[in-house]
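Visitor: Submitted below is the structure of interest, expressed as structure tokens.
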Amino acid sequence: QIAEWGYENNGAYKWPIMYPTCGDNLQSPVNINIFLAPTSPRLGRLRFTGYNTPAWLTVKNDGHTALVEVKSNAYIEGGGLHGRYKLTQFHFHWGSDNTRGSEHTINGVPARMEVHLVHYKESLGSFQSAQNFPGGLTVLGILYSGSMTNNGAYNDLVNKLSLVLPPGSTPVALQPQALLSLFPPLVGNYFRYTGSLTTPPCSQSVIWTVFQKTIPIANRQLQSFRQLFSSEKNVMFPVRLQNNYRPTQPLNRRIVESSSF
Ligand code: SG7
Ligand code: ZN
């Protein structure tokens, strides 16, 4: 029987055995040293279409993350990207406590959660075909920071997580919501590098954009993510889905650049 990939028991270190690309040299996530990131004149503002009007969203627990599928049309272009990219889903990586959880780290420091907005190049037709082309995918990453008060934009999502606690549960509709209300840092400065999916098969097809500003989130809201169950099982007990982040990977010859506007 083929064991499924996961995060438990240093899971990420075993991925290259079954998924050789995970051992390749353009992998994600990475640490971003903001003092070493040169500003690139190529990296102007990203342009967003359909991010400001209410989007149809559903949330599910896929066993590895809380996955929000986007049923409305939302696109990005500009910001050094070639062509237009369509948003298909966003999902989260979080920790068991506030000292860890994000995949990217800034100056060596992890954040408590990170969201990934997954886009594929529209001209390649579908996510499936785009994921095998260099630059076929572009993922926007935003980190979260602590807050004493609830982030109201997340109330509906957080409440509905309680309806998808088991892995593989049916998707639940969210109230239609403007994406920019969930992700205000999207309009700001960002870092850019070339990398991969952070889960198997670790395809090296992703142009990564990580934003400088964070999104505030209250501890009790984060706790709702930590209540979900993982698709990984110990012999007898279901395990909570926590620390579903991959450790940072070597940059090798890559340079993380900074936007300029
Ligand atoms: C999460 O991260 C899911 C995956 C995603 C993976 O496990 O969101 O999504 C699906 C549909 O399985 O994998 C192929 C893909 O998008 C990796 O995405 S990430 O690099 O942005 N973390
Ligand atoms: Zn991700």
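The values are calculated or read from the model by the stated rules, or taken from the named source; none is laboratory data. No experiment lies behind these values; they were computed from the predicted model shown. Because the Cβ atoms are built from the backbone with ideal geometry, glycine has one as well, and the counts that use them run over all protein chains shown. Note: areas computed on protein heavy atoms with side chains; ligands, DNA, RNA excluded. Shrake-Rupley method; radii C 1.70, N 1.55, O 1.52, S 1.80 Å.
Visitor: Hey, what number do you get for the chain at 222 nm if only DSSP H runs of n ≥ 4 count, each worth -39500 (n - 2.57), divided across all residues, to the nearest 500?
Guide: After summing the helix terms and dividing by residue count, I get -2500 deg cm²/dmol.
Visitor: Can I ask one more? Taking 8 Å as the Cα distance limit and 6 or more residues as the minimum spacing, I'd like the relative contact order of segment 1-130 as a percentage.
Guide: Relative contact order, segment 1-130: 19 percent.
Visitor: Over segment 53-151, what is the relative contact order in percent, taking alpha-carbon pairs closer than 8 angstrom and at least six residues apart?
Guide: The value is 20 percent.
Visitor: Would you work out what percent of the accessible area of the chain, with all protein chains in place, is carbon or sulfur (probe 1.4 Å)? Don't skip to the end; give the middle numbers.
Guide: On the way: 6580 of 12050 Å².
Its accessible area is 55 percent carbon and sulfur atoms.
Visitor: Would you list Lys121, Lys71 from the most to the least accessible area, probe 1.4 Å? Display every interim value, and only then the final one.
Guide: Numbers: Lys121 45, Lys71 125 Å².
These residues rank, largest area first, as Lys71, Lys121.
Visitor: May I have the count of lysine pairs in the chain with C-alpha atoms under 27 Å apart, counting pairs 8 or more residues apart or located on different chains?
Guide: 18
Visitor: Right, next: Roughly how compact is the chain, stated as its Cα Rg over 2.2 N^0.38 Å to two decimals?
Guide: Against the compact-globule rule of thumb, the ratio is 0.95.
Visitor: Moving on. Sort Arg100, Arg112, Arg220, Arg45 from largest to smallest accessible area, using a 1.4 Å probe on the heavy atoms of the protein chains.
Guide: Reading off the accessible areas and sorting them downward yields Arg220, Arg45, Arg100, Arg112.
Visitor: With a probe of 1.4 Å, find how much accessible area the chain has per residue, and write the answer as a whole number in Å².
Guide: So the chain comes to 46 Å² accessible per residue, rounded to a whole number.
Visitor: Which is farthest toward the positive dipole end of segment 184-248 among Gln223, Ser196, Trp208, measuring Cα position about the Cα centre, with Cβ charges +1 (Lys, Arg) and -1 (Asp, Glu)?
Guide: Looking along the dipole axis, the top candidate is Gln223.
Visitor: Antiparallel versus total DSSP beta bridges in the chain: what percent is that, nearest 5?
Guide: 80 percent
Visitor: Can you sort Asp24, Asp156 by solvent-accessible area, 1.4 Å probe, largest first?
Guide: Greatest to least solvent exposure: Asp24, Asp156.
Visitor: I want to make sure I understand the PRE zone here: with the label point 7 angstrom from the Cα of Asn25 toward its beta carbon, which residues in segment 195-220 have backbone N atoms less than 15 Å away?
Guide: 195
Visitor: Hey, with R₀ at 51 Å, roughly what FRET efficiency would Tyr13 and Arg45 work out to, going by the Cβ-Cβ distance, to 0.05?
Guide: Efficiency computed from Cβ-Cβ geometry: 0.85.
Visitor: Same structure again: Over segment 4-68, what number does the Rg to Rh ratio reach, with both radii from the alpha-carbon atoms and Rh per Kirkwood?
Guide: 1.09
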